Each structure stands twice: as structure tokens, then as C-alpha cells.
Amino acid sequence: MKAAVVLVIGACAWLGVMAAPASANSIAVTPSSVSAGGTVTLSGDILVNGKPGCGAPGTVTLLSPAFVGLGEFAGEGAVDLPVDATGHFSAQVTLHTSVAVGTHTITGRCGGGNMGVSATLTVTGLPRTGGAIGPVPDADAAAIGGALIAIGALATVVSRRRRAVTA
């Protein structure tokens, strides 16, 4: 009977350890959608069994086509972020305006290996900062349109007077 109780307690303890949430590597991006040229916060952890890994404090390299022009690793856009002694990293990154519109995957490397996790960032087109009709600003287009209407009205009046004089 005593052995059965010990066995049950041991099994419960083993299940408790196995069910405990394991701290692991992570990458987060906030906001998850930004226009080209916008700023995002990249954060996460480099943890192995809840303890800092990859030589923390140190550096983590995040890779993504969204980071084009900011740095490079193996031909892909990359940013290097500092990792504190607890294995956490967090930094703001401003994207180039030339980043392609679309959804980009962000992966990471540290300590010479892949982190094994990813995040996604959606890049939208540049925000419209002013009205324009082609290369002409709205105010100029309105002035040109008004001038054309005035010329048309004047041409109509002249045409009617000519008809009245010849009739």
C-alpha cells in the first residue's frame, strides 16, 4: 500500500513537471502592421528551459525582407539587437520606405544557430501625405480646372454673340 502511494505521488510530480510551461525563444513585433518607412518594436527572449541562452548578454540577429537596407545576414535584410543578462531583447526599428508591401516573416539567430521561432509583419504602402492629380498638387489642379471652365464659358458667350450678329 505504501509503495502504491509513493508511486501515485511520483507520477503526479512527474506529470506536474512535464505539464509546466517551458520558457522558450520568442520574437514579437508591435504593431504587427505598419506602412513602409514606419517604426516597429521588436522584442522577445532567448531562453533555454527558462534560462538565458545564446551567450546572454549578447546579440540576437533578426532576419526579414522587411529589414532591407538596415543590415544584412547571408544576403537577407537583418538587424542586430542587444540581449540583456535575462535573455530579453527589445528595440525600435524604423523600416526603409523601399520595403516591399506585403507580409514578411521575421526569424532569428543567436549563438551561431537558428532560434526556431518566427513572427510576421505586414507592410502597407506609404500613407498619402497630400492630394495630387498625377504630378500636380490639388490646389493647382483646381486652379487649372477653374481657368478652363472660365475659358469655356467665355468661348460660349462669344460664339452666341457671333451667331446673334450674323442672324
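Here, each number is a calculation from the coordinates, and none is a lab measurement. Computed from a predicted model, the values in this text were never measured in an experiment. Backbone-built Cβ (ideal geometry, glycine too); neighbour counts: all protein chains shown.
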Taking a crude spin-label model, label points 7 Å out from Cα along the C-beta direction, the SER32 to ASP84 distance in nm is 2.5
Note, THR86: beta-carbon cut-off 10 Å, +1 each Lys/Arg, -1 each Asp/Glu, net -1
Scoring only Lys, Arg, Asp and Glu (+1, +1, -1, -1) among other residues with Cβ under 11 Å from the Cβ of PRO52 yields -1
Binned at 10 Å starting from 0, the alpha-carbon pair-distance distribution of the stretch 19-124 in whole percents comes out as 16, 49, 27, 7, 0
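How much length, in nm to one decimal, is gained on full extension between THR166 and ILE151, taken as 0.36 nm per residue of separation minus their Cα-Cα distance?
Values: separation 15, 0.36 × 15 = 5.40 nm, distance 2.26 nm.
Result for the pair: 3.1 nm of gain on full extension.
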Residue span GLU76 to THR59: 0.36 nm per residue of separation minus Cα-Cα distance leaves a gain in nm of 4.4 nm
Simple spin-label estimate for SER159/ALA143, 7 Å along Cα→Cβ, in nm, reads 2.8
Least to most buried among ILE27, ILE149, by other C-beta atoms within 10 Å and fewest first, runs ILE149, ILE27
